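A short write-up of the structure that comes next.
Derivation of every value follows stated rules applied to the coordinates shown; laboratory data play no part. Remember, predicted model here, so these are calculated numbers, not experimental data. In this analysis, Cβ positions are derived from the backbone assuming ideal geometry, glycine residues included, and neighbour counts consider all displayed protein chains.
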Amino acid sequence: MSRLTLSSAPSGSVIDPGIYGHFAEHLGRCIYEGLWVGPGSSIPNTHGLRNDVVAALKALKVPVLRWPGGCFADEYHWKDGIGPQPERKRMVNTHWGGLVEDNSFGTHEFLLLCEMIGCEPYVNGNVGSGTVQEMSEWVEYMTFDGDSPMARLRRDHGRDKPWNVRYFGVGNESWGCGGNMRPEAYADEYRKFQTFVRNYGENKVYRIACGAAVDDYRWTEVLMRDAAKYMDGLTLHHYAWEPRWNEKETATGFSRGSWFRLLASAQRMDELITRHKAIMDQHDPDKRISMIVDEWGAWHKEEKGTNPGFLYQQNSIRDALVAGMTLNIFHKHSDRVRMANLAQMVNVLQSVVLTDKEKMLLTPTYHVLRMFQGHQGARNVVVDLEKEDLPESPGLPRFSASASLDSHGTLRLSLCHLDPDKEATLSVELPSGTSMAKAKGEVLTGSTMDSHNTFAKPNEVKPTAFSAFHMDGKHLSVKMPARSVVVLTFEA
Ligand code: AHR
């Protein structure tokens, strides 16, 4: 039986709600169809934004949404996306399917979406093919309250008051699709561009520099060495995929080996954060600069019959485990990781919502984020999980766990069980004084390794009440079903 001990000392860091952030790019059917259908659509909408999807996202308590990319960010010119929609410039989305982008979703539409969902915007600026002036003017357009050329232009387009836009990214994947730069070159570009990202009035911009791809530790080293004092956040991108980049397996109907390989790839996030964090700690021991994992999730082969450039994939109980274990990793590192953005919100990669014309479904990943919601803003409780690997996959732990204590005194424990076939019991030592009186549980599992929701059967995988836990002497014993995510709450 595996053992888990929760620390009694309330010394953990606060889990920034930003860790539960999302990402929406002009890619495939994420923005168009998924979020935006236009005011003339027969699909119920408010000012062009889908009512069903917005309601689902509101219920998820999304804290922050990153836009417009991704790779798209470095070819996006924001002025093409303002003004009367029919007159907006059309462009080719060269990264994603070569489609014509009509720019009907632009700055105003994005910021309205954030207002409707109730989240903070995180705007990613264009370094790769943009100019310093263009970036500077975008910030002025969105956030300046006085009389200036950009504030006037905004007013001409119907918005009097500026928006609050705190998070601003200066380039995306500048080592790749954002310009193929060396870290030294990007560090200089970053220093220059961010100089002209101004604070207007009360709007204090949180400047985010492009960080490393996966295990490029040199990138982090150079950025921290040469540009740390100019940034508030440094990003990291890591996707879980297998077995090889050009031969990925599909989201459902995958082989047994694929189950383990994908979860091991997701588990790697722990090592990556630990090592990048160690470099950041050397340059920034007070942890002023946040690590922002602004792209993460499972990346599978696109669904049969769909445009490969659209990155549309199903989402199974295995992806729910990827989400649960990754969030547990973020909680553990919440002293440094203060924002993370799941890629991507709707219809692209590991989405929380899938749509098919007027239909919408919630994925197993959605349910995990909803089940974990109570961790947002709570204090991380340090957990000590005795290491027990899955026999078929040495190095991959059987369980993943994290815990937090919120301001009402509720202790919340989130557990993932990665065994694809068998149930197993976990023995948990709770902090002394934890009350069982109002203990509650919720579980998400599926009948097969790739159980998922379809438009015909949208509730195949959904959370249910969980009661397979009891006090066993001074230990809590939890009987975890195979392939499951469980959240237990202990109200004070
Ligand atoms: O999320 C899909 C793509 O993955 C993003 O556009 C890019 O930043 C990353 O490579």
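Descriptive notes on the structure:
- Here the contact order of the chain, divided by its residue count and restricted to Cα pairs under 8 Å and six or more residues apart, works out to 18 percent.
- Additional length obtainable on full extension of the chain from K192 to A456, 0.36 nm per residue less Cα span: 89.8 nm
- Under Karplus coefficients 6.51, -1.76 and 1.60, residue-wise ³J(HN,Hα) of segment 128-145 in Hz, glycine/proline x: x, 10, x, 10, 4, 4, 4, 5, 4, 5, 5, 5, 4, 4, 7, 10, 8, 8
- Its residue count N sets the reference 2.2 N^0.38 Å, and the alpha-carbon radius of gyration of the chain equals 0.96 times that reference.
- Under the criterion of Cα pairs below 8 Å and six or more residues apart, the relative contact order for segment 54-211 equals 25 percent.
- Segment 148-303: Rg to Rh, with Rh as the Kirkwood radius over Cα pairs: 1.07
- Helix 256-283 and the longest principal axis of the Cα set of the chain meet at an angle near 70°.
- In degrees, nearest ten, helix 183-195 long axis to first principal axis of the chain (Cα): 60 degrees
- The chain - Cys residues lacking any other Cys C-beta under 4.7 Å: C30, C114, C119, C210, C416
- Proximal lysines to K277, defined as alpha-carbon separation beneath 23 angstrom and excluding residues fewer than eight positions away on the same chain: K229, K287, K332, K387
- Residues whose placed amide H lies under 5 Å from that of D294, excluding near-sequence neighbours: L236, N341
- Cβ-based exposure ranking for H408, H77, in which fewest neighbours within 10 Å come first: H408, H77
- Karplus-derived 3J(HN,Hα) values for segment 452-466, using 6.51 cos²θ - 1.76 cosθ + 1.60 with θ = phi - 60°, are 7, 9, 10, 5, 7, 10, x, 10, 4, 10, 8, x, 9, 5, 10 Hz; glycine and proline are entered as x.
- Per residue, the chain reaches -7500 deg cm²/dmol at 222 nm when only DSSP H runs of four or more residues are counted, each adding -39500 (n - 2.57).
- In plain terms, the residue of E109, E184 with the fewest other Cβ atoms within 10 Å comes first and the most crowded comes last, giving E184, E109.
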